Amino acid sequence: MTNKIYEGPKAALDGLLFDGMTIMSGGFGLSGNPESLIPEIRDSGIKDITVISNNAGADGFGLWMLLQTRQIKKMIAS
């Protein structure tokens, strides 16, 4: 069985990120979003991401970070 406990967010995303990928992000409003993973996705430099989420974050928080760096090509939100 694969161990799904990682040292941190960078280790959890290792080998998973690539340009043009689709990411479905959990949370409702700013509660429950993957706040430790989003900065790692930003710092990876991947681009042309499609994101499916309840919302697009808020100034300086959540998926807003990826919108600010223009890594999101398409945003699908309610």
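No lab work stands behind these numbers, since they all come straight from the coordinates. Fair warning: this is a prediction, and the values are worked out from it, not measured in the lab. Cβ atoms come from the backbone with ideal geometry, glycine included; neighbour counts cover every protein chain shown.
With each label point set 7 Å from Cα along the Cα-Cβ vector, what nm distance links ALA12 and PHE28?
Inter-label distance under the simple model: 2.0 nm.
Can you list the aspartates and glutamates whose alpha carbon is less than 15 Å from that of LYS10, not counting same-chain residues fewer than 8 positions off?
By straight Cα distance, LYS10 reaches GLU35, GLU40, ASP43.
I need the phi-derived Karplus couplings for region 60-75: 6.51 cos²θ - 1.76 cosθ + 1.60, θ = phi - 60°, integer Hz, Gly and Pro marked x.
x, 9, x, 5, 3, 4, 7, 5, 4, 8, 6, 7, 8, 8, 9, 10
Longest exposed-loop-site-free stretch of the chain, with chymotrypsin sites (Phe, Trp or Tyr not before Pro), DSSP loop and at most 12 other Cβ within 10 Å?
The reported range is 19-78.
So what does the Cα-only Debye profile of region 17-77 read at q = 0.18, 0.22, 0.26, 0.30 Å⁻¹, as log10 I(q)/I(0), no solvent term?
Here log10 of I(q) over I(0) equals -0.51, -0.79, -1.14, -1.54.
Just flag the trypsin sites (Lys or Arg not before Pro) in the chain sitting in loop per DSSP whose Cβ has no more than 12 other Cβ atoms within 10 Å.
Answer in residue order: LYS4, ARG70.
Check cross-link reach from LYS73 to the lysines: straight Cα distance under 17 Å, and skip same-chain residues fewer than eight apart.
LYS47
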